[in-house]
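Below: the structure, in structure tokens.
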Amino acid sequence: MSTRNVRAVFISDVHLGTSDCQAQYLLDFLRSHRMDFLYLVGDIVDLLSMRKRVHFTALHEEVVSQVLQLARQGTRVIYIPGNHDARLRRFCGQKFWGIEVHRHYVHACADGRRFFVSHGDEFDSALHAGVFWHVVGDFSHTLLLRLNTLLNGARRLLKLPYWSLAGYLKTRIGKAAEFIRRFEWIAARKARELNYDGYVCGHIHHSGMRRIDGVLYCNDGDWVEHCTALVEERNGQFALVHWADRKEVLLREHELKEHWNPLPVPVTEGGRIL
Ligand SMILES: [Mn+2]
């Protein structure tokens, strides 16, 4: 397959070192692209999970060596540690094997626009995100339905009425969608306050690109379930790419609607969301 030549690639939430990491698809993605800039936007190596259990396969090693090879071949590789690799934050300002470590970074686009890049966990406290992670966590639908059956079997034994766990969680997921909207809004507001043209982040495992109040919000998604990356084309335009068995461009910047309805209720710092 031919190699795509792009200006910059942003990936995050790879969670290397865990069995959830879709290393095969990421490796294929990295091998299929040439780029001037590679931004590793946090939670790349899951040092947090690796304290309990290490799942670091040959494929994970190959991802690391592919990144090192890109750096050797002239790609500027910028690593912004997230909350799962926060221990690497002590190395901010340093460079290892051609990889620069930064707390956050400002990316200058081909067309002169400037984008603020950070992992995104810095918004957790404002969003009371702990609850969000409990709700959205790593459950699958089948597992949920099985739990639902088990739970209601137990409730019958206890002569308690049927209670839908799935239904309950679905209402919480409605709240999760609201959480995502507020996260996007807070990031965009920060970019505007700092006078940048946009914000690039990850963290919430939900890729997206939206124009919010004149600022471009971009989330590069994850390589645990969605396998998405944010790409800056040679002309400075952004695109969201999905790269698994199917490879497709999910969204191009010029296709975005010009008008975005901002949230009716502004988010207050420390205000309860969920
Ligand atoms: Mn994170």
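Readers should treat all values here as calculations from the given coordinates under stated rules, not as data from a laboratory. Owing to the predicted nature of the structure, the values given are computational and were not obtained by experimental measurement. When we count neighbours, we look across all protein chains shown, and the Cβ atoms used for this are built from the backbone with ideal geometry, even at glycine.
Residues in region 194-208 carry Karplus couplings, in order, of 8, 6, 9, 7, x, 10, 10, 8, x, 6, 8, 6, 8, 5, x Hz; the curve used is 6.51 cos²θ - 1.76 cosθ + 1.60 with θ = phi - 60°, and Gly or Pro positions show x. Two tests apply to each whole DSSP H helix in the chain, Cα reach of 20 Å or more along its axis and mean Kyte-Doolittle hydropathy of at least -1.0, and the ones passing both are 58-72, 141-157, 165-193.
Rg over Rh for region 1-67 works out to 1.00, using Cα positions for both radii and the Kirkwood form for Rh. Could you check which residue among 251, 47, 165 shows the biggest mean-square fluctuation in a GNM of the chain with a 10 Å Cα cutoff? Per the Cα network of the chain with a 10 Å cutoff, 165 tops the list.
Listed by chain and number, the lysines placed with their C-alpha closer than 27 angstrom to that of residue 257 are 175, 190, 247; residues fewer than eight positions away on the same chain are left out.
In this rough spin-label picture, where each label sits 7 Å from Cα along the Cβ direction, the residue 254-residue 178 distance is 3.9 nm. Eigen-decomposition of the gyration tensor built on the alpha-carbon atoms of the chain gives equivalent ellipsoid semi-axes of 33, 24, 18 angstrom, largest listed first.
Highest mean first, how do 35-42, 81-88 rank when packing is the count of other Cβ atoms within 10 Å averaged over residues? Show your work: numbers first, answer last.
Working: 35-42: 22.8, 81-88: 20.5.
Highest-to-lowest ranking by the protection proxy: 35-42, 81-88.
Amide H contacts of residue 227 (H built 1.01 Å from N, in plane; Pro and chain starts excluded): 222 sit under 5 Å, all sequence-distant by 5 or more or on other chains.
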